[in-house]
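All remarks here apply to the structure that follows.
Every number in this text was worked out from the coordinates using simple rules, so none of it is lab data. In this text, all values refer to a predicted model and were calculated from it rather than measured experimentally. Quick reminder, even Gly has a Cβ in these numbers, built from the backbone with ideal geometry, and neighbours come from all protein chains shown.
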Amino acid sequence: MAIERTFVAIKPDGVRRGLIGEIIKRFEQRGLKIVGLKMVWIDEKLASDHYFEHKNKIFFDRLKEYLTKGPVVAMVIEGADAISVVRKIVGPTSGDVAPPGTIRGDFGHMGVKHADEKGRLYFNLIHASDKKENAEREIKLWFSPEELHTYKRVDEEEVM
């Protein structure tokens, strides 16, 4: 069990639907802690830098438009096996296959297939780093070292 940090962003649709508190609550209930948190209205450059791996894909411009149309809540979450635990809490990318009890399963209202059929970009509420290398890159992209904080939760002695 390794103590890790991971990056999470509540996307504009999650913010606009008033899900910030519910989403943070789910991470904290699992014993994870928020060590960095801010609301930002990102620009096209940050959206491009964050999703650089999709640069040559047909949906890239619509993805950038989606991410820049409203505020995003960016977080750094720390805890035991944080990357995999956060991914389990978030659920699979498509809300139509995400199981109940996951963020996307409980709050997603559209699947990737439906969005594709309608020619729409898929809104999936939240981004979570998928592996250690991406978590490190995304944390550095979104946060300065001064914006990350070290502290102990009262229950931390029991799990760490």
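Percent relative contact order of the chain, based on C-alpha pairs within less than 8 angstrom and at least six residues apart?
35 percent
Label point 7 Å out from Glu156 along Cα-to-Cβ: which residues of segment 1-37 have amide N under 14 Å?
Answer for this model: 3-5, 31-36.
Taking just the C-alpha trace of the chain, give me its Rg and Dmax in Å.
Over the chain's Cα set, Rg and Dmax evaluate to 15.5, 50 Å.
How do 139-147, 127-135, 82-90, 5-13 rank on mean C-beta neighbours within 10 Å, highest first?
Highest-to-lowest ranking by the protection proxy: 5-13, 82-90, 127-135, 139-147.
How do Leu67, Leu148, Leu46 rank when sorted from fewest to most other Cβ atoms within 10 Å of their own Cβ? It would help to have the intermediate numbers written out before the result.
Values: Leu67 23, Leu148 14, Leu46 18.
Ranked by crowding around the Cβ, least crowded first: Leu148, Leu46, Leu67.
Rank the residues Thr93, Thr150, Thr102 as a footprinting-exposure proxy: fewest other Cβ atoms within 10 Å of their Cβ go first. Mind dumping the intermediate values first?
Numbers: Thr93 14, Thr150 7, Thr102 18.
Arranged by neighbour count, lowest to highest, Thr93, Thr150, Thr102 become Thr150, Thr93, Thr102.
Report the full-extension gain for the segment Lys131 to Lys38: residue separation times 0.36 nm, less the Cα-Cα distance, to one decimal in nm. Let's see the in-between values first.
On the way: separation 93, 0.36 × 93 = 33.48 nm, distance 2.19 nm.
31.3 nm is the gain from fully extending Lys131 to Lys38.
Which FRET efficiency, nearest 0.05, do Ala80 and Leu141 yield, Cβ-Cβ r, R0 22 Å?
Values: r = 24 Å, r/R0 = 1.10.
Efficiency, from the Cβ-Cβ distance: 0.35.
Taking the number of other C-beta atoms within 10 Å as the exposure measure, put Met75, Met1 in order starting with the fewest. Don't skip to the end; give the middle numbers.
Numbers: Met75 25, Met1 8.
Listed from fewest to most nearby Cβ atoms, that is Met1, Met75.
Counting other C-beta atoms within 10 Å, and keeping those with at most 16, which DSSP coil trypsin sites (Lys or Arg not before Pro) do you find in segment 39-82? Present the calculation step by step, with values, prior to reporting the outcome.
On the way: sites: Lys45, Lys55, Lys57, Arg62, Lys64, Lys69; in loops: Lys55, Lys57, Lys69.
Answer by residue number: Lys55, Lys57, Lys69.
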